[in-house]
Protein chains: 2
Amino acid sequence: MGLTKSEIFTTQQNRIAAIAKVLGHPARIAILQHLLKVQSCICGDLVDEIGLAQATISQHLREMKNIGLLKGDIDGTKVCYCIDEVMFKEMGGIFTELFQADLKGCC
Amino acid sequence: MGLTKSEIFTTQQNRIAAIAKVLGHPARIAILQHLLKVQSCICGDLVDEIGLAQATISQHLREMKNIGLLKGDIDGTKVCYCIDEVMFKEMGGIFTELFQADLKGCC
DNA sequence: TTGGTTTATTGCAATATTACGATTAATAAC
DNA sequence: GTTATTAATCGTAATATTGCAATAAACCAA
């Protein structure tokens, strides 16, 4: 069906999944890594850097902005994108928590 | 197109994305959390616990097994699923590394 | 004002994902 | 052997995602 049954899961489960989903595409990982390196840049820089069409990069940026991972500051015709520090830390915390459990036994 | 252009990204970027993608569905988060709690269980347990059809749970389990997050030990007609400790730790490390950067400036 | 730059949006095509019923295969229990 | 249990797979339908060309919108520079 292509339609996730969100209503049968907890808010926390849906949230973790939504955050992981945004990281689930190499273009968005590339965008994140580039922004970690240069602090901030415009959409056109990412088009040059990554090699996807402008419309495609813009679409990925929107998804990252939608969950709050990126901020976009309008500066004339350009939009200065950067990582939202608060969300970045929150995301780090979510994964730290998820993976900090130590596994006891197995089959 | 629905077809990711994997070839323009680094192996590392594709790998991080593939790992995140598996976590990008609430059912798979629910499966992971349940296994963290009970160490190991069979497919039918997850069907009861989560409330999706058996075929659907089986499909999610396969995806998690495909990237190495889960192991499945056949035990008669049952299959005992549990988390692969090595992969679990590796995944934790990947996210720790990705989110440990401290952001300097912004727009 | 005119033309150039930059980004968002729209529309579309191709592929992927999610979900489930039905079936199959394999073992267990009797 | 027959029947029940369990899980994988197949087929299918509905929706989502990815990617791009074309366009629109907004600003800047001359």
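Brief remarks on what is shown
- Accessible area of B:Cys41 (1.4 Å probe, protein heavy atoms only, ligands and nucleic acids ignored): about 10 Å².
- Amide H to amide H distances under 5 Å link A:Cys80 with A:Asp73, A:Ile74, A:Asp75, where only residues 5 or more positions off or on other chains count and H is placed in the peptide plane.
- Neighbour cut-off at most 10 other Cβ (10 Å), DSSP loop, trypsin sites (Lys or Arg not before Pro), segment A:48-107: A:Lys104
- The mean of 1/r over all distinct Cα pairs in the protein assembly as shown, once inverted, gives the Kirkwood hydrodynamic radius of 18.4 Å.
- For segment A:98-107, putting each phi into the Karplus relation 6.51 cos²θ - 1.76 cosθ + 1.60 with θ = phi - 60° gives couplings of 5, 9, 7, 4, 9, 7, 8, x, 7, 7 Hz, in residue order, rounded to whole numbers and with x for Gly and Pro.
- Think of each Lys and Arg Cβ as +1 and each Asp and Glu Cβ as -1; about the Cα centre, that makes the dipole of segment A:12-95 roughly 280 debye.
- Within the listed set A:Leu23, A:Leu52, A:Leu35, the Gaussian network model of chain A (springs between alpha-carbon atoms below 10 Å) gives the highest mean-square fluctuation for A:Leu52.
- Cysteines without a disulfide-compatible neighbour (Cβ-Cβ under 4.7 Å), chain A: A:Cys41, A:Cys43
- Signed unit charges on C-beta, dipole axis of segment A:6-71, positive-most listed residue A:Asn14, A:Pro26, A:Thr56: A:Asn14
- Positive minus negative residues near B:Gln54 (Lys, Arg vs Asp, Glu; Cβ under 12 Å): -2
- Cβ-Cβ FRET estimate between A:Asp102 and A:Asp75, R0 fixed at 35 Å, reported to 0.05: 0.15
- Estimated Rh, chain B: Kirkwood, alpha-carbon pairs, angstrom: 15.5
- Residue-wise HN-Hα coupling along segment B:19-30, computed from phi with Karplus coefficients 6.51, -1.76, 1.60 (Hz; x: Gly, Pro): 5, 5, 4, 5, 7, x, 9, x, 5, 6, 5, 5
- Cα lying deepest toward the dipole's positive end in the protein assembly as shown, options A:Gln39, A:Leu69, A:Ile94, charges on Cβ: A:Leu69
- The angle between the Cα long axis of helix A:54-66 and the main principal axis of chain A comes to about 50°, on a 0 to 90 degree scale.
The values are calculated or read from the model by the stated rules, or taken from the named source; none is laboratory data. Since the structure is predicted, the reported quantities are computational estimates derived from the model, not experimental observations. Counting neighbours? That spans all protein chains shown, and the Cβs are built from the backbone with ideal geometry, glycine included. Only protein heavy atoms, including side chains, enter the accessible area calculation; ligands, DNA and RNA are left aside. Shrake-Rupley method; radii C 1.70, N 1.55, O 1.52, S 1.80 Å.
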